[in-house]
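Everything on this sheet refers to the single structure shown next.
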Amino acid sequence: MRLDIVTIFPEYLEPLNVSLVGKARARGQLDVRVHDLRAWTHDRHNTVDDTPYGGGPGMVMKPDPWGEALDSVIASGEGDTRPTLVVPTPSGRPFTQALAVELSECPWLLFTPARYEGIDRRVIEEYGERLDIHEVSIGDYVLAGGEAAVLVITEAVARLLPGVLGNAESHRDDSFAPGRMADLVEGPVYTKPPEWRGRGIPDVLVSGHHGRIARWRRDEAIRRTALNRPDLMERCDPEVFDGRDREL
Ligand code: 6GU
C-alpha cells in the first residue's frame, strides 16, 4: 500500500518510522511519502492560510497550495492509478474498524491533515469529484490539527494489511472486529507470574478447558462493554450473549 501525507508539519509524522508501521515500511509493505505543503507556496513567507470569508475567529487554509500539492501527488502515480483521499476533520464521519477495513483494501491513500479552521471547501469539492473521498473524524473532541488523526488511522489500517501482523489470527478477536465478538470490547488479559503482589489469576484460565475459557472471556467482554460502553450494549446482537453457549 502507498500512503501520501501532505502537511505543514512533516516532523509530526516521524512516529511512522517506529514500531508496526515503521517495520512494515522497512519490509516494503508500506510506501509512505510525507510532503511539506509549503513546498507548493510561492511567496516569501510560504503562506498557507488566510482570514475566513464571512468573518469569525481563526484562519482557513488557502486552496492554491493544496491544489498544486494534490495535483503533484496524484500525477506521481503509475499510469492512471488514483489515490483514495482521506480528509481528517472533526466534522467528518466517525472513524470505525469497518472504515479501517475498507481503507486497508485501497492500494493508495492520500491524507490531507489541516491546521487552523480547516481547508477552503472548494478543495474538497474539486477532488471529491475526481477521487474517492472520506472525510473522517477520530472522535468527539477537537484536535489542533489532523496529523495525530493520520497517525491513528494509519496504524489502524496498516495492522490489517496482509503480512503486517505476525499472526494472521491476531485481529480476529479485536474489540470491534466483525464476527464473533462484534460490538463487544475485549475482556482482561493475564500473563506470568501466576501471583503478583498477592494477586492471582482467574482459575479458569489454567483449567485447560477451552470451552470454559471461551465462555469466561465472552462473559468478561460483556461485563466490560456494559460498564464502559453502554452505547454498544444497546445495539448488541443477542446471539453474542447466548448463541454460542451450546458450543461451549
Ligand atoms: Cl480528524 N481533526 C481534528 N482537528 N480534530 C479532530 C479530528 C480530526 N477528529 C476528532 N477531532
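The values are calculated or read from the model by the stated rules, or taken from the named source; none is laboratory data. Please read these numbers as outputs of a predicted model, since none were measured by experiment. With ideal geometry, Cβ positions are generated from the backbone for all residues, glycine too; neighbour counts draw on all protein chains shown.
Tabulated data
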{"item": "Criterion: at pLDDT below 95 and on the phi < 0 side of the Ramachandran plot - qualifying residue of LEU131, LEU165, LEU161", "result": "LEU165"}
{"item": "Breaking point among (1) under 17 Å from GLU135 (Cα atoms); (2) outside any strand (DSSP E or B), for PRO65", "result": "(1)"}
{"item": "Exclusive hit being on the phi < 0 side of the Ramachandran plot, near the ligand (Cβ under 8 Å from one of its atoms) and surrounded by fewer than 17 Cβ atoms within 10 Å (Cβ to Cβ), set ALA148, ALA98, ALA114", "result": "ALA148"}
{"item": "Cross-chain or 6+ apart pairs with Cβ under 6 Å, segment 59-78 first and touching a residue at least 40 places away in the same chain (Cβ under 8 Å) and assigned by TED's automatic domain parsing to the domain that holds TRP108, then surrounded by 15 or more Cβ atoms within 10 Å (Cβ to Cβ) and part of a helix (DSSP H, G or I)", "result": "PRO63/VAL123; TRP66/VAL123; ALA69/LEU37; ALA69/TRP40; LEU70/TYR127"}
{"item": "Hits in segment 117-132 - residues which are surrounded by fewer than 18 Cβ atoms within 10 Å (Cβ to Cβ) and away from the ligand (no atom under 14 Å from the Cβ)", "result": "ARG121, ARG122, GLU125, GLU126, GLY128, GLU129, ARG130, LEU131, ASP132"}
{"item": "The lone exception for ALA100 - which of (1) within 22 Å of GLU126 (Cβ to Cβ); (2) touching a helix residue (DSSP H, G or I) at 6+ places or on another chain (Cβ under 8 Å); (3) not in a loop (DSSP other than H, G, I, E, B) it fails", "result": "(1)"}
{"item": "Residue tally, condition part of a helix (DSSP H, G or I) and surrounded by fewer than 17 Cβ atoms within 10 Å (Cβ to Cβ), over segment 39-62", "result": "1"}
{"item": "Candidate set from segment 225-248 (those that are modelled with pLDDT of 95 or more and hydrophobic (A, V, I, L, M, F, W, C)); member that is surrounded by the fewest Cβ atoms within 10 Å (Cβ to Cβ)", "result": "LEU227"}
{"item": "Tally, over segment 1-53, of residues that are more than 18 Å from THR112 (Cβ to Cβ) and hydrophobic (A, V, I, L, M, F, W, C)", "result": "6"}
{"item": "Residue match in segment 70-83 (condition: of a type in the set (Lys, Arg) and either touching a Pro at 6+ places or on another chain (Cβ under 8 Å) or assigned to a strand (DSSP E or B) (or both))", "result": "no"}
{"item": "Meets criteria (away from the ligand (no atom under 16 Å from the Cβ) and either of a type outside the set (Val, Ile, Thr) or at pLDDT 95 or above (or both)) for ILE222", "result": "yes"}
{"item": "Filtered residues of segment 90-135 (kept if farther than 18 Å from ARG2 by Cα and touching a Pro at 6+ places or on another chain (Cβ under 6 Å))", "result": "ASP120, ARG122, VAL123"}
